[in-house]
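The values are calculated or read from the model by the stated rules, or taken from the named source; none is laboratory data. If you're wondering where the values come from, they're calculated on a predicted model, not measured in any experiment. FYI the Cβ positions are ideal-geometry reconstructions off the backbone, even for glycines, and counts take in every protein chain you see.
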Amino acid sequence: MEIFGVDIGGSGIKGAPVDLERGDLAEERFKVLTPQPATPDAVADGVKQVVENFAGGCDRVGITFPGVVTGGSTIRTAANVDKSWVDVDARALLSEKLGGLPVTILNDADAAGVAEMHFGAGRGRTGTVLLLTFGTGIGSALFTDGTLVPNTELGHLELNGHDAEKRASTKAREDEDLSWEHWARRVTKYLAHVEMLFSPELFIIGGGISRKADKFVPLIKGIKAEIVPAQLQNNAGIVGAAMAAREA
(Lines give C-alpha, C1' and ligand atoms only; values in the text may rest on other atoms or scores of the structure.)
Protein backbone atom coordinates (compact mmCIF):
# COMPACT_ATOMS: atom_id res chain seq x y z
CA MET A 1 0.00 0.00 0.00
CA GLU A 2 1.41 3.40 -1.01
CA ILE A 3 0.68 6.04 1.63
CA PHE A 4 1.44 9.74 1.25
CA GLY A 5 1.93 12.30 3.97
CA VAL A 6 1.23 15.98 3.34
CA ASP A 7 2.07 18.73 5.82
CA ILE A 8 0.11 22.00 5.47
CA GLY A 9 1.97 24.91 7.01
CA GLY A 10 1.50 28.65 7.17
CA SER A 11 4.22 29.20 4.57
CA GLY A 12 4.49 25.93 2.66
CA ILE A 13 2.68 22.70 1.76
CA LYS A 14 5.05 19.74 1.50
CA GLY A 15 4.60 16.03 1.06
CA ALA A 16 6.01 12.71 -0.10
CA PRO A 17 5.34 8.99 -0.11
CA VAL A 18 6.42 7.52 3.23
CA ASP A 19 8.22 4.28 4.09
CA LEU A 20 6.45 3.36 7.31
CA GLU A 21 8.86 0.55 8.12
CA ARG A 22 11.78 2.96 8.37
CA GLY A 23 9.82 6.05 9.44
CA ASP A 24 11.30 8.10 6.60
CA LEU A 25 10.36 9.55 3.25
CA ALA A 26 10.32 7.05 0.40
CA GLU A 27 11.12 9.82 -2.09
CA GLU A 28 12.41 13.36 -1.85
CA ARG A 29 9.61 15.62 -0.66
CA PHE A 30 7.91 18.14 -2.94
CA LYS A 31 6.87 21.57 -1.68
CA VAL A 32 4.70 24.43 -2.91
CA LEU A 33 4.14 27.79 -1.25
CA THR A 34 0.98 28.10 0.83
CA PRO A 35 -1.36 30.36 -1.18
CA GLN A 36 -2.22 33.79 0.17
CA PRO A 37 -4.94 34.07 1.25
CA ALA A 38 -4.82 30.46 2.44
CA THR A 39 -8.50 29.69 1.81
CA PRO A 40 -9.81 26.11 1.86
CA ASP A 41 -10.10 25.76 -1.92
CA ALA A 42 -6.71 27.36 -2.59
CA VAL A 43 -4.92 25.20 -0.02
CA ALA A 44 -6.72 22.08 -1.28
CA ASP A 45 -5.42 22.88 -4.77
CA GLY A 46 -1.91 23.10 -3.30
CA VAL A 47 -2.32 19.70 -1.63
CA LYS A 48 -3.49 18.24 -4.97
CA GLN A 49 -0.44 19.72 -6.70
CA VAL A 50 1.87 18.09 -4.15
CA VAL A 51 0.22 14.66 -4.39
CA GLU A 52 0.05 14.71 -8.20
CA ASN A 53 3.75 15.53 -8.42
CA PHE A 54 4.55 11.88 -7.67
CA ALA A 55 4.12 9.31 -10.40
CA GLY A 56 2.09 6.22 -9.69
CA GLY A 57 -0.38 7.71 -7.23
CA CYS A 58 -1.22 6.36 -3.81
CA ASP A 59 -3.85 4.44 -1.84
CA ARG A 60 -4.30 6.80 1.12
CA VAL A 61 -3.22 10.30 2.13
CA GLY A 62 -2.58 11.62 5.63
CA ILE A 63 -2.71 15.40 5.85
CA THR A 64 -1.74 17.72 8.70
CA PHE A 65 -3.48 21.02 9.45
CA PRO A 66 -2.11 23.98 11.45
CA GLY A 67 -4.99 24.21 13.91
CA VAL A 68 -7.44 22.21 15.99
CA VAL A 69 -9.05 19.27 14.18
CA THR A 70 -12.02 17.56 15.86
CA GLY A 71 -13.63 14.28 14.90
CA GLY A 72 -10.86 13.66 12.40
CA SER A 73 -12.37 16.14 9.97
CA THR A 74 -13.75 19.44 11.32
CA ILE A 75 -11.46 22.46 11.59
CA ARG A 76 -11.99 24.48 14.78
CA THR A 77 -9.14 27.03 14.68
CA ALA A 78 -7.04 28.56 11.92
CA ALA A 79 -4.42 30.89 13.37
CA ASN A 80 -1.94 30.81 10.47
CA VAL A 81 -4.26 30.19 7.52
CA ASP A 82 -7.44 31.93 6.39
CA LYS A 83 -10.22 32.08 8.99
CA SER A 84 -12.68 30.69 6.44
CA TRP A 85 -11.29 27.24 7.37
CA VAL A 86 -13.20 27.29 10.68
CA ASP A 87 -16.02 24.70 10.69
CA VAL A 88 -14.96 23.26 7.31
CA ASP A 89 -15.14 19.47 6.87
CA ALA A 90 -11.53 19.23 5.71
CA ARG A 91 -11.58 15.48 5.19
CA ALA A 92 -14.50 15.72 2.75
CA LEU A 93 -13.04 18.75 0.95
CA LEU A 94 -9.59 17.24 0.46
CA SER A 95 -10.86 13.77 -0.43
CA GLU A 96 -13.03 15.28 -3.15
CA LYS A 97 -10.12 17.38 -4.43
CA LEU A 98 -7.97 14.22 -4.60
CA GLY A 99 -10.49 12.29 -6.66
CA GLY A 100 -12.10 10.40 -3.78
CA LEU A 101 -8.90 9.07 -2.19
CA PRO A 102 -9.26 8.16 1.50
CA VAL A 103 -7.94 11.10 3.52
CA THR A 104 -6.98 11.37 7.20
CA ILE A 105 -6.67 14.83 8.82
CA LEU A 106 -4.92 15.70 12.09
CA ASN A 107 -3.23 18.62 13.82
CA ASP A 108 0.24 19.30 12.41
CA ALA A 109 2.16 19.22 15.68
CA ASP A 110 0.27 16.11 16.81
CA ALA A 111 1.41 14.38 13.61
CA ALA A 112 5.01 15.42 14.18
CA GLY A 113 4.81 14.26 17.78
CA VAL A 114 3.44 10.83 16.87
CA ALA A 115 6.31 10.34 14.43
CA GLU A 116 8.96 11.47 16.93
CA MET A 117 7.55 9.24 19.67
CA HIS A 118 7.56 6.20 17.39
CA PHE A 119 10.69 6.70 15.30
CA GLY A 120 12.60 9.66 16.74
CA ALA A 121 13.69 11.51 19.85
CA GLY A 122 10.77 10.31 21.98
CA ARG A 123 11.13 6.63 21.16
CA GLY A 124 10.95 4.52 24.32
CA ARG A 125 10.35 7.54 26.57
CA THR A 126 7.69 7.39 29.29
CA GLY A 127 6.27 10.07 31.56
CA THR A 128 5.30 13.46 30.16
CA VAL A 129 6.90 14.41 26.84
CA LEU A 130 6.17 17.64 24.99
CA LEU A 131 7.07 18.26 21.37
CA LEU A 132 7.09 21.91 20.29
CA THR A 133 7.35 22.84 16.61
CA PHE A 134 8.77 26.28 15.90
CA GLY A 135 7.87 27.73 12.51
CA THR A 136 5.26 30.22 11.32
CA GLY A 137 3.70 29.64 14.75
CA ILE A 138 4.41 27.26 17.63
CA GLY A 139 2.69 23.89 17.58
CA SER A 140 2.56 21.45 20.49
CA ALA A 141 2.05 17.73 21.02
CA LEU A 142 1.67 16.44 24.57
CA PHE A 143 2.21 12.78 25.50
CA THR A 144 1.74 10.96 28.79
CA ASP A 145 3.39 7.52 28.81
CA GLY A 146 3.28 7.54 25.01
CA THR A 147 -0.40 8.48 24.72
CA LEU A 148 -1.22 11.67 22.79
CA VAL A 149 -3.40 14.38 24.32
CA PRO A 150 -4.57 15.94 21.02
CA ASN A 151 -5.00 19.56 19.96
CA THR A 152 -3.17 21.22 22.86
CA GLU A 153 -2.20 24.35 20.83
CA LEU A 154 0.19 25.62 23.51
CA GLY A 155 1.65 28.17 21.12
CA HIS A 156 -1.31 30.37 22.05
CA LEU A 157 -0.43 30.59 25.74
CA GLU A 158 0.09 34.21 26.79
CA LEU A 159 3.70 35.39 26.95
CA ASN A 160 4.36 39.03 27.89
CA GLY A 161 0.81 39.99 26.92
CA HIS A 162 0.96 38.28 23.51
CA ASP A 163 0.31 34.86 22.01
CA ALA A 164 3.57 33.04 22.70
CA GLU A 165 4.02 32.27 19.01
CA LYS A 166 3.97 35.99 18.19
CA ARG A 167 7.08 36.38 20.38
CA ALA A 168 8.95 33.10 20.22
CA SER A 169 8.22 31.45 16.84
CA THR A 170 10.80 31.16 14.08
CA LYS A 171 8.76 33.70 12.13
CA ALA A 172 9.07 36.19 15.00
CA ARG A 173 12.85 35.68 15.03
CA GLU A 174 13.06 36.30 11.29
CA ASP A 175 10.58 39.20 11.17
CA GLU A 176 12.34 41.04 14.00
CA ASP A 177 15.83 39.99 12.86
CA LEU A 178 16.63 38.69 16.35
CA SER A 179 20.05 37.29 17.24
CA TRP A 180 20.17 33.65 18.35
CA GLU A 181 20.89 34.88 21.89
CA HIS A 182 17.89 37.24 21.97
CA TRP A 183 15.56 34.65 20.49
CA ALA A 184 16.84 31.95 22.88
CA ARG A 185 15.90 34.19 25.82
CA ARG A 186 12.34 34.39 24.50
CA VAL A 187 12.21 30.63 23.94
CA THR A 188 13.53 30.12 27.48
CA LYS A 189 10.73 32.25 28.95
CA TYR A 190 8.19 30.28 26.94
CA LEU A 191 9.62 26.89 27.95
CA ALA A 192 9.70 27.97 31.61
CA HIS A 193 6.00 28.86 31.43
CA VAL A 194 5.09 25.55 29.78
CA GLU A 195 7.27 23.64 32.24
CA MET A 196 5.48 25.30 35.16
CA LEU A 197 2.14 24.09 33.76
CA PHE A 198 3.01 20.53 32.65
CA SER A 199 6.34 19.49 34.26
CA PRO A 200 7.52 17.39 31.31
CA GLU A 201 10.57 15.14 31.56
CA LEU A 202 11.48 15.90 27.95
CA PHE A 203 11.05 18.77 25.48
CA ILE A 204 11.51 17.83 21.82
CA ILE A 205 12.17 20.88 19.63
CA GLY A 206 10.78 20.36 16.12
CA GLY A 207 10.03 22.31 12.97
CA GLY A 208 12.56 23.49 10.42
CA ILE A 209 14.57 25.26 13.11
CA SER A 210 15.50 21.88 14.61
CA ARG A 211 18.19 21.62 11.90
CA LYS A 212 19.96 24.52 13.65
CA ALA A 213 19.45 23.30 17.21
CA ASP A 214 23.16 23.71 17.96
CA LYS A 215 22.79 27.48 17.50
CA PHE A 216 20.18 28.02 20.22
CA VAL A 217 19.51 24.96 22.42
CA PRO A 218 22.84 25.42 24.31
CA LEU A 219 21.74 29.01 25.04
CA ILE A 220 18.57 27.87 26.86
CA LYS A 221 19.29 27.90 30.61
CA GLY A 222 17.34 27.09 33.76
CA ILE A 223 14.92 24.53 32.33
CA LYS A 224 14.72 21.34 34.39
CA ALA A 225 13.47 19.09 31.59
CA GLU A 226 15.84 17.58 29.05
CA ILE A 227 15.77 19.47 25.73
CA VAL A 228 16.59 17.68 22.47
CA PRO A 229 16.04 18.42 18.76
CA ALA A 230 13.58 16.36 16.76
CA GLN A 231 15.39 13.54 14.96
CA LEU A 232 13.02 13.57 11.99
CA GLN A 233 13.39 17.36 11.84
CA ASN A 234 10.95 19.01 9.45
CA ASN A 235 9.82 15.69 7.93
CA ALA A 236 8.15 14.57 11.16
CA GLY A 237 4.74 15.96 10.19
CA ILE A 238 4.77 14.12 6.84
CA VAL A 239 5.71 10.83 8.49
CA GLY A 240 3.15 11.26 11.28
CA ALA A 241 0.41 12.08 8.80
CA ALA A 242 1.16 8.89 6.87
CA MET A 243 1.14 6.91 10.13
CA ALA A 244 -2.32 8.28 10.92
CA ALA A 245 -3.54 7.35 7.43
CA ARG A 246 -2.31 3.79 7.89
CA GLU A 247 -4.04 3.51 11.28
CA ALA A 248 -7.28 4.77 9.74
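What strands (runs of 3 or more DSSP E) completely inside region 1-64 contain at least 3 residues that are in contact with a Phe, Trp or Tyr (Cβ under 7 Å, 6 or more places away or on another chain) and over 18 Å from Val88 (Cα atoms)?
12-19
Looking at (1) buried (at least 21 other Cβ atoms within 10 Å of the Cβ); (2) not in a loop (DSSP other than H, G, I, E, B); (3) not assigned by TED's automatic domain parsing to the domain that holds Leu20, which one does Met243 not meet, given that it meets all the others?
Status for Met243: all satisfied but (3).
Might you let me know whether region 120-138 holds any residue that is under 20 Å from Ser73 (Cβ atoms), of a type outside the set (S, T, N, Q), surrounded by 20 or more Cβ atoms within 10 Å (Cβ to Cβ) and more than 15 Å from the chain's Cα centre (by Cα)?
No: region 120-138 contains no residue that is under 20 Å from Ser73 (Cβ atoms), of a type outside the set (S, T, N, Q), surrounded by 20 or more Cβ atoms within 10 Å (Cβ to Cβ) and more than 15 Å from the chain's Cα centre (by Cα).
Between Phe54, Phe30, which is under 20 Å from Ala115 (Cβ atoms), modelled with pLDDT of 95 or more and among the aromatic types (Phe, Trp, Tyr)?
Exactly one of Phe54, Phe30 is under 20 Å from Ala115 (Cβ atoms), modelled with pLDDT of 95 or more and among the aromatic types (Phe, Trp, Tyr), namely Phe30.
Okay, residues lined up against (1) modelled with pLDDT under 95; (2) under 25 Å from Leu106 (Cα atoms):
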residue: Leu154; (1), (2): no, yes
residue: Val194; (1), (2): no, yes
residue: Leu202; (1), (2): no, yes
residue: Pro218; (1), (2): no, no
residue: Gly222; (1), (2): no, no
residue: Asn234; (1), (2): yes, yes
residue: Ala245; (1), (2): no, yes
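In region 123-175, what count of residues is obtained for those that are in a strand (DSSP E or B), out of contact with any Leu (no Cβ under 7 Å at 6 or more places or on another chain), closer than 21 Å to Gly240 by Cβ and free of Cβ contacts under 8 Å to residues at least 12 places away in the same chain?
1
Can you tell me which residue is nearest to Pro35 (Cα to Cα) among those in region 1-24 that are surrounded by 24 or more Cβ atoms within 10 Å (Cβ to Cβ) and among the small types (Gly, Ala, Ser)?
So, considering only residues that are surrounded by 24 or more Cβ atoms within 10 Å (Cβ to Cβ) and among the small types (Gly, Ala, Ser), the one nearest to Pro35 (Cα to Cα) is Gly9.
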